Amino acid sequence: MPGIDVAGYRAGGPVLAANFVSTALATGWGNGRTGAPVLRGGVSAPGTAPGAIGSAGPRRRRCSGERQGDPAVAARIEGSVLSRLKTIFLFYAVFSVAVGVVATVGAPYGSRGVRVGVAVGLAGLTVHWLVGWSRDRFPGRVEPLEWVVLAAPGLVVESPAENAGYFGALLFRSYYGTRRQFWCRLVLVQLVPLVRVVGPRPITPGEFVAVVSFGLLVPPMVRFLRGIGERNGRLIARERTQLAGAERLSVAADRPAVYDVAVATAAELTGAPAPDRVLLLTPPWGGRPAEGKAPPGSGPPAEGKAPPGSGPPAEGIPPDLLVRLTGPLVDHLDAADHARLRDAVGLPPAPGGLLLVPITAAGRHLGAFGVSGEPHPPADATSSLVAWGARVAEALRRVDLHAELTFRAYHDPLTTLANRALLESRLEQALGERRSAGQVALLLLDLDGFKQVNDVHGHPAGDELLRAIAARLRGCVRGTDTVARLGGDEFAILLSGVDDPELVATTADRVVAAIREPIDVEGRTVAVGVSVGVAVAEPGATAGVRELIRAGDQAMYRRKATRAGGWERYEAGLRR
């Protein structure tokens, strides 16, 4: 029969347990419960820091209401090493109790009613364990009764080895409970050897010392293994959280989308509610500006929202804080520096200090995560946040590169105005909406006298002149209009949604007057003229992009042939 024969130093029970554990771990036998870990962030009482994964949390004062793990550990570990160990020792405990039931029923001591009563109690204890294991919790007030039931076989069996349920229960139940309950358990397990003292065959001193030592040594060992399992589970949970966040980052198309995923995942990694504790600081001093604003006059700016703290310029932040924000290492601001930083970036005050985790990629500082409150996250959570910062940095580099390539594909590199491809795309869109959005007007411009500037002053002067003219054209149109450079000294302006019949003429007059004004180029004053052709598509017209451009070209060349400059409207009428 499995068990411990202390007198002969046979260790049948522990050897069986060791074989059972090694076999189950080798075969990957778990509890059958699957699913990704769920990280839960907790919020503490006012004036204290919200609970973070791995934090201590409030201690319990009684052995009651037991819940697996520290209540402040906001991770339920599914399919991890810890849950597998629980399952393994559950089956070993059930097996040990079954052996104890058989030994109790066939024991030579005690009346039949007593033996049956003890066996029924052991069977009920097995059901209690199964229910508690399935719920991942045990009521703490019931545990003293458990050990009374486990000690009862000592009244009828002959040797401690026949009370096998004690050994399995000690291994299994040590995986549950708070620190307070751990110390309570060390006292309760001594009921088993004490009952043997008054049993039918008094326990020998050697047996007593061995059983007491087993009860004192096994719970600390199991608690140590439990701590390793909990840490393993937290690491697995955080890694899965990062993988899920990385998958969402991979489909983020712009900075606002990256910001949302970054803050939500960082809050989950630290166990903190995102709006209250986690900040994503991406100030203008690190990488590209957060707003991603397109040049004026080239169409509406790229939409995007900056995260908290990304708006103010670097000069608004005290120099000593600026150095710490841009540092490559994890830093912690005390409450006073945290308050100064929030005041500088225009955020509402928050209690406690601020943990700063840098977001860097390829030596570039792109920002930092800030986790406010005390205490700040534990070391393993901070390490996960550092790794997550690297993922976020790569995502920011990717969306910035994509935005830059897209901008280059649709904008003129010299003037940053829209190019022909973007102009035609927006013209096609405007023509598709003109039935409900008013007239669409296209102004095609060709500079007069630009070749002479190039020939006399050189191409650098010509480039500077083109940039100055682009800036003047931007000032002549509405924010919703598009200014484009088609190539050389040719420009275009798209006016969409025109409800005022005078707007086209007013804009053309303003453009001609602005370009005729003298321009300072490399210390010299030069003057050029412009010939403008205007083509207007009425709301009922069916003219397409090519036809409208052709009409504007004809009007522009007719005006240029007069050598007088100014503007001319295409009068032949567009197809209806």
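See the values below:
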| quantity | calculated |
| --- | --- |
| Spacing of the two label points (7 Å from each Cα toward its C-beta) at V116 and Y557, in nm | 11.5 |
| Per residue, in Å², the accessible surface of segment 395-442 once ligands and nucleic acids are set aside, probe 1.4 Å | 52 |
| Charge dipole magnitude, Cβ of K and R +1, D and E -1 - segment 106-263, Cα centre, debye nearest 20 | 260 |
| Computed FRET value (nearest 0.05) for E538 with D260, which takes r as the C-beta separation and R₀ as 51 Å | 0.70 |
| Two-site label geometry, L414 and R180: point separation in nm, points 7 Å out along Cα→Cβ | 7.9 |
| Net lengthening on full extension, V187/R467 (0.36 nm per residue, minus Cα-Cα) | 92.2 nm |
| Karplus 3J(HN,Hα) series, Hz, for segment 352-358 with 6.51 cos²θ - 1.76 cosθ + 1.60 (x for Gly, Pro) | x, x, 9, 7, 9, 10, x |
| Burial order of peptide ranges 328-335, 100-107 (average beta-carbon count within 10 Å, highest first) | 100-107, 328-335 |
| Apportionment of accessible area to carbon and sulfur, segment 114-239, percent (1.4 Å) | 73 |
| Cβ-Cβ FRET estimate between D380 and E571, R0 fixed at 60 Å, reported to 0.05 | 0.20 |
| Length gained when the stretch D343-V142 is fully extended (0.36 nm per residue, less Cα-Cα span) | 67.0 nm |
| Label point at R248 placed 7 Å out along Cα→Cβ; residues across segment 379-404 whose backbone nitrogen lies under 14 Å | 392 |
| Residue-by-residue Karplus 3J(HN,Hα) for segment 203-210, coefficients 6.51, -1.76, 1.60, Hz, glycine and proline x | 6, 6, x, x, 5, 4, 5, 5 |
| Local electrostatic count, R420, Cβ distance below 10 Å [Lys/Arg +1, Asp/Glu -1] | -2 |
| Protection-proxy order for peptides 213-220, 177-184, 518-525, each taking the mean of Cβ atoms within 10 Å per residue, highest first | 177-184, 213-220, 518-525 |
| 3J(HN,Hα) from dihedral phi, segment 462-472, Karplus parametrisation 6.51/-1.76/1.60, rounded to Hz, x for glycine, proline | x, 5, 5, 5, 4, 5, 5, 5, 4, 5, 5 |
| Simple label model, 7 Å out from Cα along Cβ direction - A564 to H459, nm | 3.7 |
| For peptides 481-492, 400-411, 380-391, sequence by mean Cβ density within 10 Å, most packed first | 481-492, 380-391, 400-411 |
| Placed amide H near G566: partners under 5 Å, 5+ positions off or other chain | V530, V532 |
| Full-stretch length increase - R223, R364 - with 0.36 nm per residue and alpha-carbon distance subtracted | 46.4 nm |
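The values are calculated or read from the model by the stated rules, or taken from the named source; none is laboratory data. Just so it is clear, the model here is predicted, and its values are computed rather than measured. All Cβ positions, even for glycine, are placed from backbone atoms using ideal geometry, and neighbour counts span all protein chains on display. The protein model used for the area step is the full one, side chains on, heavy atoms only, and it has no ligands, DNA or RNA in it. Shrake-Rupley method; radii C 1.70, N 1.55, O 1.52, S 1.80 Å.
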